[in-house]
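Working notes, beginning with the structure itself.
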Amino acid sequence: MTDTGQKLVPMLFVFGVLLLFVIAGLLYKTRESSEYGVSGRYTGRIGGGAAIASNWMSAASFLGIAGLIYLYGYSALAYVIGWTGGYVLLLVLLAGQLRRFGKYTAPDFIGERYESNAARLISAAISIAITLIYSIAQFKGIGILFAWLIGIDYSSGVILGACILMGYIVISGSLGVARSQKLQYSVLIVTFILPLMFLAKRLGYFWIMPQFGYGTAIADLSREFNINMASPFVHSGPFHWTALCFTLMLGTAGLPHVLSRFYTVSNVRDARWSVVWGLFFIALIYWSAPAYAVFGRLIEARGGINLTPEAARAMADNVVVRTALLGGLPQWLVGMLAAGAVSAAFFNVAGLLMTGAASISYDIYYRLVNPRASEGRRMKLAKGATLLLAALVLLGSLKPPGLIAEIAAVAFALAGNTIFPAFLLGIWWSGTTRMGVICGMLTGVLVTFAQPLLGGVLPLVNTLFPLTASALCGAPLVLAIMIVVSRFSEPPSMEIRRFLADEVHGNLQ
Amino acid sequence: MQKEPESCRVNLLRPKGEQMKGEVTIMLASLLGWGVVTFGFQLLLALVNVYDKGSWLTEFNFFGLPFHFWFTAQMLPLWFIIICALFNLGIDRLSERQSRRRDGFYD
């Protein structure tokens, strides 16, 4: 960041907003907690949409996307399209049927549909891996923000942020704080867009809708400074762009903590419509994020700041807050922005850790190890698992392996290569067998990590299965393996096929 | 290959029954609209970019933004929302017709 030392006003904002959520949650206090990590009931389509959106918003949306667009311009729009277009797949292919199938978590669905404990175990392990990878990205965001707020280095920032986060989770858990997701979403959208409007006004662009106002800034950048952020496919070719975009789409449709959101709306029809609202609320943020990136470039260019590519990459994840600072926004507005970013990351990690812990306490421990375990014991285990996962994430985030959105993309690739094909075939082809899904998911894991594992030996792997964009070639391969193996293995039982035909597909309501 | 009783077979590519056929038609139409517009535009852009630098796709200004940037960054997310809404309208109509037929009325 540009300056050091404690930022008193922003700090007050960050802690003020967190406190606000605790107080609002205590006032609500209609918690229906369960080990699934799905708490609270939401009525109505707009409320369901706000729940989907606030559950989705993360440091990757709030900070990461702007950082990538700042670095790569048009090429980074693959993230914007991937993370919105995935909802079309989710709605069209899975949402209604999943809701009627009635299983709350990805491992639970896979375990029941394929009647296999091995498949349940593999998908639980994959869910946990996705939680860990995605949370590392969030922790990086948290670390950057706290390091800036307190004026310390990144490692201390991430440790301090993790402690505050865990404290927050424990306090809200023991007080029984309900998650008011409408309030959460409102806070996120206001803290993201209001500073942007001020920024556009200060720079002299159309500020009422900075989502359009930044267009002139792109033109000015290219005319005055010969920086063309809009030129297509400069940093990555069309193939890589498509592969990345497609991977993020499949991942969105297969991400375990997104899937479980369909159970918080009362009926299938409302669940479907809440996706439309959710997508609209998400798009509001994604329409705005490029503006931060473009304004950031413009302010730097006008101020004569010329960063080397390495330095630019090192600070890219800060670009949202940094732009607000360089743009001379008042302290309270910068504080608001930071508070929004911190709460996006906090709630996202809380949701992820709960999903991961549920995989351990419910899918692995209760379903596979000790089916007679009491609810209290399982809750205790879930709490311990949350702490354990958080500790692992903290270790992984001390030396973050990439930019926030890039780390998140690996989690999406893993989901797109494993869970998405298992869901797609599980719902839409009654002939998919347990051997088929097990072989498919294991192939999916291999394909996701093919580049670091085999890239040195087989150069072709680097082209076909890049780490963040492996699902374009990977998911069809996984689907093909699932289909072929299913053809030659023991067919699923009559009961599950009848259930699929009658309950899941028999009725559209 | 195993023999499966016809009544319990579910296959996206071989829908059976009027309702599932209608559902799959709506699904495939939505996916077609999703895929062609998203990836078709990128292909067009890539081709135009190779053969004709500075074409109308990148030069033409739309709401102040270069047209291709506007289309990808703003039109596509909007397009996804439109597809989702149309898909839901289609399924709503289909299920209304289905429950009318089943119960003889629809409330």
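Values in this text are rule-based calculations from the coordinates and carry no lab data. On a predicted model such as this, the values are computed, not experimentally measured, just so you know. As a convention, Cβ positions derive from the backbone with ideal geometry for all residues, glycine included, and neighbour counts pool all protein chains shown.
At-a-glance table
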{"read-out": "Sequence-separation-based contact order of segment A:401-488, relative, with Cα cut under 8 Å and 6+ spacing, percent", "value": "41 percent"}
{"read-out": "Axial C-alpha extent at least 27 Å, average Kyte-Doolittle at least 0.0 - helices from chain A (DSSP)", "value": "A:8-28, A:117-150, A:154-175, A:181-203, A:268-302, A:331-358, A:375-398, A:404-428"}
{"read-out": "Convex hull of segment A:448-509 built on C-alpha atoms - directionally averaged projected area, nm²", "value": "6.7 nm²"}
{"read-out": "Average other protein chain Cβ within 10 Å of Cβ, residues A:243-255", "value": "1"}
{"read-out": "Estimated dipole of chain A in Debye, rounded to 20 [Cβ of Lys and Arg +1, of Asp and Glu -1, Cα centre]", "value": "840 debye"}
{"read-out": "Column: log10 I(q)/I(0), Debye, Cα scatterers of segment A:233-358, q = 0.10, 0.16, 0.20, 0.22 Å⁻¹", "value": "-0.50, -1.12, -1.32, -1.36"}
{"read-out": "Over chain A: helical MRE at 222 nm, DSSP H runs n ≥ 4 each giving -39500 (n - 2.57), nearest 500", "value": "-23500 deg cm²/dmol"}
{"read-out": "Amide H contacts of residue B:62 (H built 1.01 Å from N, under 5 Å, at least 5 apart or other chain)", "value": "B:67"}
{"read-out": "Cβ neighbours within 10 Å from other chains - mean over A:280-292", "value": "2"}
{"read-out": "Sites residue A:373 and residue A:314 - FRET efficiency at Förster radius 41 Å, r taken between beta-carbons, to 0.05", "value": "0.30"}
{"read-out": "Kirkwood Rh, angstrom, segment B:41-97 [1 / mean 1/r, Cα pairs]", "value": "13.3 Å"}
{"read-out": "For segment A:316-437, the fraction of alpha-carbon pairs in successive 5 Å shells from zero, as %", "value": "2, 9, 11, 14, 15, 15, 13, 9, 5, 4, 2, 1, 0"}
{"read-out": "P(r) tail fraction, segment A:98-175 - alpha-carbon pairs more than 15 Å apart, %", "value": "68 percent"}
{"read-out": "Local electrostatic count, residue A:203, Cβ distance below 14 Å [Lys/Arg +1, Asp/Glu -1]", "value": "+1"}
{"read-out": "Segment A:90-243: Rg to Rh, with Rh as the Kirkwood radius over Cα pairs", "value": "1.07"}
{"read-out": "Taking all pairs of distinct alpha-carbon atoms in segment A:60-103, Kirkwood radius in angstrom", "value": "12.1 Å"}
{"read-out": "Distance histogram in 10 Å bins (all Cα pairs of the protein assembly as shown, percent per bin)", "value": "3, 17, 28, 27, 17, 6, 1, 0"}
{"read-out": "For segment A:241-319 versus segment A:106-167, the gap between their alpha-carbon centres in whole angstrom", "value": "18 Å"}
{"read-out": "For chain B, the fraction of alpha-carbon pairs in successive 10 Å shells from zero, as %", "value": "12, 28, 23, 18, 13, 6, 0"}
{"read-out": "Within 10 Å of each Cβ in A:77-88, the average number of Cβ atoms from other chains", "value": "5"}
{"read-out": "Chain A: relative contact order as a whole-number percent, Cα under 8 Å and 6+ apart", "value": "30 percent"}
{"read-out": "Highest-first arrangement of A:301-312, A:340-351, where packing means the average Cβ count within 10 Å", "value": "A:340-351, A:301-312"}
{"read-out": "Within-10-Å neighbourhood charge of residue A:274 [Cβ basis; K, R +1; D, E -1]", "value": "+3"}
{"read-out": "Rounded to 10°, Cα long-axis angle of helix B:76-103 versus longest principal axis of chain B", "value": "10 degrees"}
{"read-out": "Square roots of five times the Cα gyration tensor eigenvalues for segment A:361-509, Å", "value": "30, 27, 14"}
{"read-out": "Equivalent ellipsoid semi-axes, segment A:81-139, via Cα gyration tensor eigenvalues times 5, rooted, Å", "value": "22, 20, 8"}
